[in-house]
1. Can you report the number of residues in the range 275-306 which are among the charged types (D, E, K, R) and either in the same structural domain as Glu155 (by TED's automatic domain parsing) or modelled with pLDDT of 85 or more (or both)?
2. Surrounded by fewer than 15 Cβ atoms within 10 Å (Cβ to Cβ), in a loop (DSSP other than H, G, I, E, B) and either not assigned by TED's automatic domain parsing to the domain that holds Asp194 or not charged (D, E, K, R) (or both): is that true of Thr18 in this structure?
3. Which of (1) closer than 30 Å to Leu173 by Cα; (2) at pLDDT below 90 does Ser217 not meet, given it meets every other one?
4. Looking only at the range 51-63, filter to residues that are touching a Cys at 6+ places or on another chain (Cβ under 8 Å) and outside any strand (DSSP E or B); which one of those is surrounded by the most Cβ atoms within 10 Å (Cβ to Cβ)?
5. Within the range 141-158, track down each residue that is over 15 Å from the mean Cα position of the chain (by Cα) and among the β-branched types (Val, Ile, Thr).
6. Assess whether Gly24 counts as being surrounded by fewer than 23 Cβ atoms within 10 Å (Cβ to Cβ), in contact with a Leu (Cβ under 9 Å, 6 or more places away or on another chain) and at positive phi.
7. Please verify whether the range 100-108 includes one or more residues that are modelled with pLDDT of 95 or more and in contact with a Cys (Cβ under 7 Å, 6 or more places away or on another chain).
8. Tell me which residues, restricted to the range 239-257, are exposed (fewer than 14 other Cβ atoms within 10 Å of the Cβ) and closer than 15 Å to Asp291 by Cα.
Amino acid sequence: MTFTIKNHWVQEATALSTKKKGPGTLKGPYGIVYHFTSGWTTQGDIATLTTSDRQASVQFIVSRDGKLYQCMPANSRAWHAGPSRYKDLIGCNNYFIGIEICNIGYVQDLHNGYVKDEYGNVISMRTGEFQSGTRKTTTPPSTWLKASSAVVGKELYYWEPYPAAQLETVEQLTLALCAAYPTIKYGVSHEEIDTRGWKSDPGPAFPLARMRKIIDSRKIDKAEPTGITYFPAATLKRLMVLKNCPAHTAPDALEPTPVMFIKGSVVFPAAKTKRLDGAGNMRDMWLIYGDSGEGWVFGDNVKEMTDDAST
């Protein structure tokens, strides 16, 4: 699947329309802002961003099954960034294309077998069924990424994963936009540009570092593993830390975080993937959490524990 852009429209996208946009066209554009919609349904997200009274709109929407919708010409000024700044660019709606990805974001653990979304809906962790009986999540929240957020809070929340078909569309759209607009050089989260400090999208389940690589290289590296296996938060799997090791914010992050996992400590896995190390070797990486915090470490720093293991 590839996309072709002509006269600022993606030819393979479903074209929508909206009156919710600013005057004139983008300067540049200089980058792409990645968002989650905070919604449960594609049609609801489309309505919010095209016809509702909310002062919110965007150039592109990507559904959970990977379908691409375009709401206005890619060089139009949409209302997706809000009060924002990136480097010396103030008011990112003037400079950035927005991609809204259908995803609820996070839900809060009620510690009773249920979670709650930001709208007050109570949902079964095991089945994904809404207590109100109105709908069911695509995947049960018990299988979602369990992670904290500097914006949302230190508590561990459940973050909806992005399906492979959806991420493939976002990758191909990113590549097509870079080809159509050579001025694009930044890929940013809504969280990092929000000057109010309360936006958390697209969240820790989104591979932002990979999108930045596509923008930097102007290509999709098919040799690079992209799949991340997320473990249910209720998994009984435990890992032993074999040596003191720093954590990373993402599998491909170059600089470690201040989080240090201590030799001998017991941690829990949230996800697993593979990546190339500095020597070109393919190695396992685990996203782990424990008393020290949370982060990605190479697989040789930990080992799986058996039920009768004491060390």
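The values are calculated or read from the model by the stated rules, or taken from the named source; none is laboratory data. Just so we're clear, the structure is a prediction, and the values are computed from it rather than from any experiment. When we count neighbours, we look across all protein chains shown, and the Cβ atoms used for this are built from the backbone with ideal geometry, even at glycine.
1. 5
2. Criteria not met by Thr18.
3. Tallying (1) closer than 30 Å to Leu173 by Cα; (2) at pLDDT below 90, Ser217 fails exactly one: (2).
4. Ranking the qualifying residues of the range 51-63, first place goes to Gln59.
5. Once the filter is applied, which keeps residues that are over 15 Å from the mean Cα position of the chain (by Cα) and among the β-branched types (Val, Ile, Thr), the range 141-158 yields only Thr143.
6. Answer is no for this residue.
7. There is no residue in the range 100-108 that is modelled with pLDDT of 95 or more and in contact with a Cys (Cβ under 7 Å, 6 or more places away or on another chain).
8. Selection gives Asn244 alone.
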